[in-house]
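Notes to accompany the following structure.
Read-outs throughout are calculated quantities, based only on the coordinates presented, and are distinct from any laboratory measurement. Being a predicted model, the structure only gives us computed values, none of them experimental. We place every Cβ from the backbone using ideal geometry, glycine too, and count neighbours over all the protein chains shown.
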Amino acid sequence: MNWRPRSTTGALAVVFTLALSACGADGNDSTGTTAPGSTAPAIATSTATTAPATTPTAVSAATSSATSSSGASSTSPSSAAPSTATAPTTPTTDPQSLADQRVKLTQVATAKEPVVLTMRPGDDTTMYVAERDGHVRVLRDGALVDPAVLDMSDRTVAGGERGLLGLAFGADGAHLYVDYTDTNGDSNVDEYTMRADGSADPASRRRLLLQKQPYPNHNGGSLVRGPDGLLYIGFGDGGSAGDPERRADKLSTWLGKILRIDPKPSGDRPYTVPPDNPFIATPGALPEIWSYGVRNPWRFSFDHANGDLWIGDVGQNTIEEVDHATTAEGRGRGANFGWSAYEGTSRFNADIDGTNAVGPVHEYHHGPLGCSITGGFVYRGSRVAALAGSYVFSDYCFHGLRAIDPAHPADAVTLTTDGSTIVGFGEGPGGDLYALSLSGPIYRVDAAG
């Protein structure tokens with residue numbers, strides 16, 4: 001991994017906590033309107049002051065269908081930001097054409113609090129949509145199909161930053177993976193076997209991971225199949241505010257990390273740890289860890305054209321950021337993305353070293369541009385030619401979509417001011433980009449003209 005200093009001009013490290021309530025109302029789970037990852041008033045202050053145990057649990061392969069038995073921040077004084085990073089990639093778009101680009105959001109369906117849209121390998125006509133309450137629905141020919149292909153609402157608690165938060169398929173399309181908050185408030189990653197009719201077999205449920213959650217915010221929830229066919233899992237720092245237990249910087253916990261596993265069982269584990277994971281030989285480190293130092297990687301993605309990793313990391317009270325780890329840099333292998341030594345490019349917790357922090361490529365301050373970033377995708381569709389190679393993202397508190405050219409990441413362009421409460425993106429047939437609003441609409445991104 002080639003470490004690069006944190007940029008003083010930009011940051012796109014999408015730590016997007018799915019705070020599914022309105023900005024400044026994190027503690028109000030009953031409304032379902034909190035800004036993702038926002039730490040304005042209070043999930044942290046309304047929870048118990050003593051955090052419960054947060055030991056991650058890899059459930060035994062033999063018993064994975066059963067419950068496992070394993071069992072208000074203050075910003076530190078600022079210090080000078082490290083030197084500016086160089087441009088991370090070769091230019092892929094003409095900055096002028098991107099600056100002039102506008103798009104429209106074409107509503108194609110309405111779901112109940114949709115948070116994820118993805119496709120199943122081997123099926124190029126069907127999209128799968130995760131609804132926060134625990135349902136997985138099929139979107140085909142512009143309509144959501146009934147009944148749900150998976151109903152796990154009886155084991156899911158939804159509200160605030162909790163619920164069914166992640167959805168991905170294995171490389172062969174034979175298995176479906178979900179990341180959700182269970183009725184105890186803890187994070188689970190489960191596997192289901194797909195049937196011939198395109199539905200998931202409820203009886204096949206196999207738990208891969210259980211992460212005890214000390215607070216009800218910053219659950220993360222992103223599940224992504226990487227270019228290597230392996231499963232990448234994002235966990236937030238455990239919640240409260242300011243990373244009070246400094247978990248994001250510790251390799252002894254999954255919290256504040258991106259994990260990488262092979263879902264195939266191995267020994268007493270229901271999954272296999274890839275032998276090239278970066279911390280396997282590090283004393284005291286958990287071998288599943290791929291990257292660390294993230295606050296809440298609510299949405300991250302890989303560019304399917306070159307394999308680069310893009311992370312949307314939701315900020316604390318001031319800065320939202322985007323991280324970009326190129327394939328040449330190892331796609332984030334062993335990378336420290338800086339939280340909580342830094343919030344964006346600003347020093348945060350002075351007791352965290354942060355010397356090897358990888359710099360964000362784009363950042364913006366809370367205000368008109370939003371309060372809680374929603375990471376997206378590098379555009380590889382054909383409907384909006386000028387967007388090719390650009391990273392498209394949004395913010396829960398911002399109406400519309402924005403984009404950056406990876407060759408000039410400090411500058412972002414507003415593509416549209418339509419669409420609100422965007423909490424997720426997905427790629428559909430032909431690389432078409434879709435945006436999901438928590439209020440229900442599922443949009444396709446089209447050329448404006």
In straight Cα distance, which aspartates and glutamates are under 14 Å from K250, not counting same-chain residues fewer than 8 positions off? D237, E288, D351, D353
Averaged across orientations, what area in nm² does the convex hull of the alpha carbons in segment 205-299 project? 6.5 nm²
Distance from a point 7 Å along Cα→Cβ of R102 to each backbone N in segment 403-421: keep the residues under 20 Å and list them by number. 403-405, 412-420
Rounded Å value of the spacing that divides the Cα centres of segment 157-172 and segment 225-242: 12 Å
Along the Cα→Cβ direction, 7 angstrom out, place labels at L369 and T282. What is the inter-label distance in nm? 3.0 nm
Here the gain from full extension of R383 to A407, 0.36 nm per residue of separation minus their alpha-carbon distance, amounts to 6.5 nm
Per residue, what volume in Å³ does the convex hull of the Cα atoms of segment 115-155 enclose? 70 Å³
Here, V145 and H304, labelled 7 Å along Cα→Cβ, have an inter-label distance in nm of 1.9 nm
Taking the Cα centre as origin and putting +1 on Lys and Arg beta-carbons and -1 on Asp and Glu beta-carbons, what dipole magnitude results for segment 299-443, to the nearest 20 debye? 300 debye
T417 versus T327: modelled label distance in nm, points set 7 Å from Cα along the beta carbon direction: 3.9 nm
